[in-house]
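Visitor: Take a look at the following structure, please.
The values are calculated or read from the model by the stated rules, or taken from the named source; none is laboratory data. Just so it is clear, the structure is predicted and the values come from calculations on it, not from any experiment. Ideal geometry is used to build each Cβ from the backbone, glycine not excepted, and the neighbour counts take in all protein chains shown. Surface accessibility is based on the protein's heavy atoms, side chains included, excluding ligands, DNA and RNA. Shrake-Rupley method; radii C 1.70, N 1.55, O 1.52, S 1.80 Å.
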Amino acid sequence: MIDCSIGEDGIPNPESRILNPESNRQSAIGNRQSRIEQSQKRWPPELSGGVSQATTFFVPIDLDAFLRHWVTSGPRTGRFNEPGTRFSMKKTFAILGAGMQGTAVAYDLAKFTDPETILMGDMSLQQAEQNAARVNSLVGRNICKAALVDALDPESLHRFLSPVDVVVSCVPYWMHPRVAAVAVKSKTHMLDMGGDTNVTWETLKVDDMAKEAGVTIVPDTGLAPGLVNNIATYFMESLDETESVKMYCGGLPQHPKPPFNYKLVFNVEGLVTEYMGRSDVIRDGKLSQVDTLTELETIHLDGLGQMEAFHTSGGASTAPFTFEGKVDSYEYKTIRFPGHCERMRIFLDFGFWDDKPVKTRSGESIPREVFCKLMGEGLRDPADQDQILVRGIGVGSKKGKRVKMQIDIHDKQDEITGFSAMERMTGFSTAINAIHVAEGHCPAGAVRYENAVPGKKFVEELQKRGIKLTFHEEELPASNGRAVSTK
């Protein structure tokens, strides 16, 4: 096993320090709580944050103090640009978390850019090596290199990021604010795939220091939030005035099995988080909130027939806050097979997702942990392939006429590369954003993802990757409703 130290050329030296194999194995396979407890010791106590056992939500209590301590302590290293400049030299990209989504990002970067190197860093060197080799095999050249890195150890992460121009954070969402802070010190641009809007707001707090360092930080660049909202900006750029935007997305099995007709395409904790809380929307031009698992509607999708859609949290992330006053209505809903929402409401209404312990004859249990343990295993179906459904609808005026614009995507696993639909739609979306940042098109600072890549450019780039988009536009009767100029 090897550590990620830096050689004289600024590139991680894979032979710089040999680790004890058994010690590293224990570290790599340790449970999440053990990792968190170890990480607490590496950060100043007053900045180490807190952990919610039920949600695994972990951010600094005072991120401003944390940033002052970490970003300003010691000299800043790195070789990055002043705000607004653009490099002509080849870039070094890094993937932090060499799992399924990270591998798809690395593949896209290797295929659609000409990087110097793509470093694939992970707590498991074996996983990093395996997936780096997979990407190299797919693209036919030795561009990806594996590295051992601990994202919860700021020194390890700093060493990993020092030679890197752009890093994509594919670690669990609650780590993103800490990764962003170290990226700022390393003068490394950073993007992440999101996962929780509250965490995103924490990540965005690095704005001032990122501007000072000439670094761009863009959270939430995955599928939803991410791709679906880039389609929303496509509508807003295409319309002269925008009345409403509705976004729909769902990751589903190709062969659904009752009673839930669903398979996990990401972790079960994230699924429960989506189904709880409230959904940020725009109504009558004003920011508002709607309860999750409500406002159920039926939509027809070609090839699948009647499906259902309902509110979930986080899919729009910061977009409603950005677009308040710019559109009359903006909302996001999740697509599922019929009956799924009603069944999930039972778990919500009867307290299965509560995080307060309940007493039983065998002791105390946290309902949410029990649910995640049982359903996390029960909803996995590795034998079935997934499919991703996306629908976007934008209504407004265009060249003096009131129109409805619609984009539909129905993506399935790629048999050639082996990437699942979720990996393609999440990883490719993030890679498009990463390339845009690497090319110098984003300003320094913490940038909300809906402001990062223009919608029209994003749609064009998505089509280059073999993602089929179906476009439809029709004229609508005139309306007395409010339309807002988006130009």
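Visitor: I'd like to check one number: the per residue accessible area of segment 255-374, probe 1.4 Å, reported in Å² as a whole number. All intermediate terms of the calculation are to be shown ahead of the outcome.
Guide: On the way: 5810 Å² over 120 residues.
Spelled out: the 1.4 Å probe surface of segment 255-374, per residue, equals 48 Å².
Visitor: Between Arg283 and Lys399, how high is the FRET efficiency from 1/(1 + (r/R0)^6) when r is the Cβ-Cβ distance and R₀ = 25 Å? Nearest 0.05. Don't skip to the end; give the middle numbers.
Guide: Numbers: r = 27 Å, r/R0 = 1.10.
Using R0 = 25 Å, I get an efficiency of 0.35.
Visitor: Let me check the size of segment 283-407 from its C-alpha atoms; what are the radius of gyration and Dmax in Å?
Guide: Cα-based Rg and Dmax for segment 283-407 come out at 19.1, 69 Å.
Visitor: Among the lysines, which fall within straight-line cross-link reach of Lys398, defined as a Cα-Cα distance under 21 Å, with same-chain neighbours fewer than 8 residues apart omitted?
Guide: Hits, sequence-local ones excluded: Lys246, Lys326, Lys456, Lys457, Lys487.
Visitor: HN-Hα J couplings of segment 125-130 from phi, Karplus 6.51/-1.76/1.60, θ = phi - 60°, integer Hz, Gly and Pro as x?
Guide: Couplings: 5, 4, 5, 4, 5, 4 Hz.
Visitor: Straight-line reach only, C-alpha to C-alpha below 28 angstrom: list the lysines that Lys185 could link to, leaving out same-chain residues fewer than 8 apart.
Guide: Reachable lysines: Lys41, Lys90, Lys91, Lys145, Lys205, Lys211.
Visitor: Run the accessible area of segment 396-437 with a 1.4 Å probe and give the carbon-and-sulfur part as a rounded percent.
Guide: 49 percent
Visitor: Semi-axes of the equivalent ellipsoid of segment 139-206: what are they in whole Å, largest first, if each equals the square root of 5 times a C-alpha gyration tensor eigenvalue? Numbers along the way, then the final one.
Guide: Values: eigenvalues 93, 40, 24 Å².
In descending order, the three semi-axes are 22, 14, 11 Å.
Visitor: Quick query: amide H of Gly445 versus all other amide H atoms, modeled in the peptide plane; which residues come in under 5 Å with a sequence gap of 5 or more or a different chain?
Guide: Those lying under 5 Å, H to H, from Gly445 are Lys211, Val215, Thr216, Ile217.
Visitor: How would you order 285-291, 461-467 from highest to lowest mean count of nearby Cβ atoms within 10 Å? Please list the in-between numbers first.
Guide: Details: 285-291: 14.4, 461-467: 16.0.
Ranking the peptides 285-291, 461-467 by packing returns 461-467, 285-291.
Visitor: What's the whole-number percent of alpha carbon pairs in segment 330-379 lying beyond 16 angstrom?
Guide: Details: 670 of 1225 pairs.
Here the tail beyond 16 Å accounts for 55 percent of pairs.
Visitor: Which lysines have a Cα less than 18 Å from the Cα of Lys257, not counting those fewer than 8 places away in the same chain?
Guide: Counting by Cα, and skipping residues close in sequence, Lys257 has these lysines nearby: Lys412.
Visitor: May I ask for the distance between the Cα centers of segment 253-304 and segment 375-416, given as a whole number of Å?
Guide: Cα centres, segment 253-304 to segment 375-416: 13 Å.
Visitor: Further, regarding this structure: Tell me the carbon and sulfur percent of the accessible area for segment 82-176, rounded to whole percent, probe radius 1.4 Å.
Guide: Details: 1620 of 3370 Å².
Taking all protein chains in place, segment 82-176 shows 48 percent carbon and sulfur surface.
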